[in-house]
Amino acid sequence: AGQRNHARALRGRGEGLRGLGRMQAALGGDARALVLEPTSVAGLNNAGSTLFRLRRPEAALATFARALELEPNHPSVRFNESFPRLQTGDFERGLPLLEWRWAVGHKQHADALQAPAWLGKQSLTGKTILLHAEQGFGDPIHFVRYAKHVAAAGATVLVQVPPPPNPPFPVQP
């Protein structure tokens, strides 16, 4: 129990260091936690996330693969695996992995909409499509450029953006 609690504390420290942007220090803690619990899916997931943030996508993917050998459908590992795949241009495998976000806490967005997601299979004619900010300001900025294509396919397009942060972004003269 002592090593397990110590490994859990090291993982928590690593999460805090990642939050502070101290990736090298977080990776050191991740490595120490994995020495104590080498088959910890949580520890491998943390290490993979840190490696990704250190711009080491191949190492991150290898670490996520080790975690998935232990628990093949772990939602957080599958979701986190999407990022290095997308970063390296592996869109064919990376984009489907983004769908695991619904299992790791992004579900509140889907539930709040109370409408089915459009997955590209059915016609858009006569449909209403809502483009909304699922993960911050970047989503509407990035995806609003597709609104004209969705409208051209026959849909009414609504765009929902979050309110500005308080205080708002500073404006430079």
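The values are calculated or read from the model by the stated rules, or taken from the named source; none is laboratory data. All figures in this text were calculated on a predicted structure; none of them were measured in a lab. Heads up, the Cβs are rebuilt from the backbone with ideal geometry, glycines too, and the neighbour counts pull from every protein chain shown. Calculation scope for accessible area: heavy atoms of the full protein, side chains included, ligands and nucleic acids excluded. Shrake-Rupley method; radii C 1.70, N 1.55, O 1.52, S 1.80 Å.
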Conditions: (1) farther than 25 Å from residue 104 by Cα; (2) assigned to a loop (DSSP other than H, G, I, E, B); (3) under 24 Å from the mean Cα position of the chain (by Cα); (4) modelled with pLDDT of 80 or more. Residue 120 meets all but one. Number of the miss? (1)
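For the range 53-74, which positions are under 19 Å from residue 38 (Cα atoms) and in a helix (DSSP H, G or I)?
Start the filter on the range 53-74 by keeping residues that are under 19 Å from residue 38 (Cα atoms), which leaves 59-74.
59, 60, 61, 62, 63, 64, 65, 66, 67, 68, 69, 70 - these are the residues of the range 53-74 that are under 19 Å from residue 38 (Cα atoms) and in a helix (DSSP H, G or I).
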Looking at residue 62 and the list (1) modelled with pLDDT of 95 or more; (2) touching a Pro at 6+ places or on another chain (Cβ under 9 Å); (3) surrounded by fewer than 19 Cβ atoms within 10 Å (Cβ to Cβ), which single condition is not satisfied? (2)
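Restricting attention to the range 125-173, which residues are among the aromatic types (Phe, Trp, Tyr) and modelled with pLDDT of 85 or more? Please lay out each step first, then the result.
Keep residues of the range 125-173 that are among the aromatic types (Phe, Trp, Tyr), which gives 137, 143, 146, 169.
Of everything in the range 125-173, just one residue is among the aromatic types (Phe, Trp, Tyr) and modelled with pLDDT of 85 or more, namely 146.
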Residue check, residue 93 basic (Lys, Arg), at pLDDT 80 or above, over 16 Å from the mean Cα position of the chain (by Cα) and exposed (fewer than 14 other Cβ atoms within 10 Å of the Cβ): no
Please find, among 126, 105, the residue that is touching a residue at least 24 places away in the same chain (Cβ under 8 Å), at positive phi and open to solvent by 40 Å² or more (accessible area, probe 1.4 Å). 126
